[in-house]
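Participant: Below are the C-alpha cells for one structure; questions will follow.
We did not get these values from a lab; they are worked out from the coordinates using the rules stated. Note that the structure is predicted; figures quoted are calculated from it, not measured. Cβ coordinates were reconstructed from backbone atoms using ideal geometry, including for glycine residues, and neighbour counts include every protein chain displayed.
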Amino acid sequence: MTHWFHRNPLKATAPVSFNYYGVVSGPAASKICSDLRSSRARLLELFTDLSCNPEMMKNAADSYFSLLQGFINSLDESSQESKLRYIQNFKWTDTLQGQVPSAQQDAVFELISMGFNVALWYTKYASRLAGKENITEEEAKEVHRSLKIAAGIFKHLKETHIPKLITPAEKGRDLEARLIEAYIIQCQAEAQEVTIARAIELKHAPGLIAALAYETANFYQKADHTLSSLEPAYSAKWRKYLLLKMCFYTAYAYCYHGQTLLASDKCGEAIRSLQEAEKLYAKAEALCREYGETKGPGPTVKPSGHLFFRKLGSLVKNTLEKCQRENGFIYFQKVPTEAPQLELKANYGLVEPVPFEFPPASAQWTPEALAAFDLSGRPKDDGTKPKPEEVVKPVKEPDIKPQKDTGCCIS
C-alpha cells in the first residue's frame, strides 16, 4: 500500500563564501574556510539529488555541522560561545512565506536553518519512498525510521538551539514554536500511518488497529490546532491536509471499532460505528477536493483518487453491509442514535522521535587554527551586512508525481 503525504517546499538560502580578508592567516584557518564553503555547497546539492540516501545525507550534514561548530562553541567545551559566532550573515527563506528571506548575523541561525532543511529532506525522502509501487518491508521500515529521525531533529532544534537565538523568530516563520511543533507532530502521525498499514497487513486485532488510527487522528488534530492562529493565506493548504487526515483516520478508527463491536455480538452499535465511519469518510473526501483547490505551498494533487484513500471507502461500505445483513438475520438489535464514544488507547506502535544531537566540532578546530582568525583585522565595511541586491533563489525541487499503486500492501 502506498501512502500520500503533503510536503511544504525546502528552505532556500543565499550563497556563503566564508572569505574573511584581513581576518584569516595561516593554512589551517584557510582550509577550514574552504571546507566550510565546499561542505555547505555539497549539502545544499544533496537536498535535491534523487540518488541521495540517509547515509549520504548524514555524512554530508555531519561534515558541515562539525566545521560550523567552531563558529558557535568555544573549543574547551565550556558554556562560552565562539568569538566567530557573529562574523557571518546568513539568509534563509521559510517553507510557508514564499521567497521573502530572513537574515541573521549569527552562526546559530545557520545551524538551525540548515538542520531544519535536513529534517525536511528526511520527510521528503520518506514521502518518495512511501509513494513507490511494490514497496518492500525494508523500504516501509526506512519510511518509518526517516520520519522518526526528522521528528527528532525538529524537536532538538526547538528545545536546544532556537532558544539560543539573539533575535527571536517572527510570527509565521519556520523557527517559531507553533510551526516547528506542527512539523514534529506531523512526522509522528505519518510514521504511525506506516504502523497502521503494517498492523492491517499482519491482520492484527481490530481493536489495536482502531486504537492506533484514533491516536493518529488525534495527532493530526493537534497539529492542525497548533497552526490555527496562523495567517490562512499561507497555512490554509497545510491545514486542509491535516484536517482531511484527521477525518480519514477517525473513519478508520470507527470502521475497525465496528468490527470489534460485531465480534462482541453488539451488532446495533457496530452498525452505528460504521455509519459514523461512512460520514467521516465523506467529510474527508470533501476535504480532499478542497485541498486540491486551495492555493498555497505544497503539491497540487487529488488525494481522493489515491488508492490508499479509495481502499478505506470500500472497507467501510463492505463492513457496514455485512453488519446490516447480520443484524437482519441474527441479532435484530436497535441501532443507537448516538455514535459510540471512542475512548481507545494504543499500548503498542506509538511513535516517539529519535533523539538527535549535532556532531562535535571537527578535529580541524585546534587552538592554533582558531587563533589564526584575528577579528581585529576586519575591515570596517566588511561586507557581512545583508546586501539588497543579493537574491535568494528558490530551490528547484524534483517534480515527483505519485506512481501508480498496484494495490500491494506494506509488508
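Participant: Which one of VAL143, PHE219, TYR234 is farthest out on the positive end of the charge dipole of segment 133-286, using unit charges on Cβ (Lys, Arg +1; Asp, Glu -1) and the Cα centre as origin?
Facilitator: TYR234
Participant: Which FRET efficiency, nearest 0.05, do LYS279 and GLN99 yield, Cβ-Cβ r, R0 51 Å? Working shown, then result.
Facilitator: Values: r = 41 Å, r/R0 = 0.81.
It comes out at approximately 0.80.
Participant: Still on this model: From the phi of every residue in segment 282-292, what ³J(HN,Hα) in whole Hz does the Karplus formula 6.51 cos²θ - 1.76 cosθ + 1.60 yield, where θ is phi - 60° and glycine or proline is x?
Facilitator: Coupling constants for segment 282-292: 5, 5, 5, 5, 5, 5, 4, 5, 4, 4, x Hz.
Participant: Could you give the angle, 0 to 90 degrees to the nearest 10, between helix 137-156's Cα long axis and the longest principal axis of the Cα atoms of the chain?
Facilitator: Tilt relative to the chain: about 60 degrees.
Participant: A further question follows. Between TYR21, TYR234, TYR254, where does the largest GNM mean-square fluctuation fall for the chain, given springs only between Cα atoms within less than 10 Å?
Facilitator: Taking springs between Cα atoms under 10 Å, the residue moving most is TYR21.
Participant: Which value, in debye to the nearest 20, describes the size of the charge dipole of the chain about its Cα centre when Lys and Arg Cβ atoms bear +1, Asp and Glu Cβ atoms bear -1, and nothing else is charged? Write down the numbers at each step before the final one.
Facilitator: Working: 51 positive and 49 negative charges, 193 e Å.
With only Lys, Arg, Asp and Glu charged at Cβ, the dipole is about 920 debye.
Participant: Same structure, new question: What ranking do 83-93, 236-246, 360-370 get when scored by the average of other Cβ atoms within 10 Å per residue, highest first? Can you show the working numbers first?
Facilitator: On the way: 83-93: 19.9, 236-246: 23.5, 360-370: 15.7.
By packing density, highest mean first, the sequence is 236-246, 83-93, 360-370.
Participant: Would you please classify the overall shape of segment 28-82 from the alpha carbon gyration tensor, given that a ≥ b ≥ c denote the square roots of the eigenvalues, rounded means a/c under 1.5, and beyond that prolate means a/b larger than b/c while oblate covers the rest?
Facilitator: Values: a/c = 3.39, a/b = 1.91, b/c = 1.78.
Judged from the Cα gyration tensor, segment 28-82 comes out prolate (a/c at least 1.5, a/b above b/c).
Participant: When the Karplus curve 6.51 cos²θ - 1.76 cosθ + 1.60 is applied with θ = phi - 60°, which whole-Hz ³J(HN,Hα) does each residue of segment 125-133 get, with x for Gly and Pro?
Facilitator: 4, 4, 5, 4, 5, 5, x, 6, 6
Participant: Okay, moving on. By per-residue mean of other Cβ atoms within 10 Å, what is the highest-first order of 43-56, 181-194, 126-139?
Facilitator: 181-194, 126-139, 43-56
Participant: Could you pull out the pairs from LYS237/LYS345; LYS124/LYS295; LYS295/LYS317; LYS11/LYS240 whose alpha carbons sit more than 26 Å apart here? The partial results should precede the final answer.
Facilitator: Working: LYS237/LYS345 30 Å; LYS124/LYS295 20 Å; LYS295/LYS317 32 Å; LYS11/LYS240 21 Å.
In this structure, LYS237/LYS345; LYS295/LYS317 exceed 26 Å between Cα atoms.
Participant: Something else now. May I have the convex hull volume per residue, in Å³, for the Cα set of the chain? Before the final figure, lay out each step's value.
Facilitator: Values: hull volume 57.8 nm³, N = 411.
Dividing the Cα hull volume of the chain by its residues yields 141 Å³.
Participant: Peptides 140-147, 225-232: what's the order by average Cβ count within 10 Å, highest mean first? Provide the component values of the computation, followed by the final result.
Facilitator: Details: 140-147: 21.9, 225-232: 15.1.
The most tightly packed comes first, giving 140-147, 225-232.
Participant: Any idea how far the Cα center of segment 58-136 sits from the one of segment 206-267, in Å?
Facilitator: 32
Participant: Collect residues whose amide H, placed 1.01 Å from N in the peptide plane, falls under 5 Å from the amide H of ASN73; neighbours closer than 5 in sequence don't count.
Facilitator: Distant-sequence amide H within range of ASN73: SER82.
Participant: Report the extension gain between ALA28 and THR160 in nm, rounded to one decimal, defined as 0.36 nm multiplied by the number of residues separating them, less their alpha carbon distance. Spell out each step's value before the answer.
Facilitator: Values: separation 132, 0.36 × 132 = 47.52 nm, distance 3.01 nm.
Fully extending the segment from ALA28 to THR160 adds 44.5 nm.
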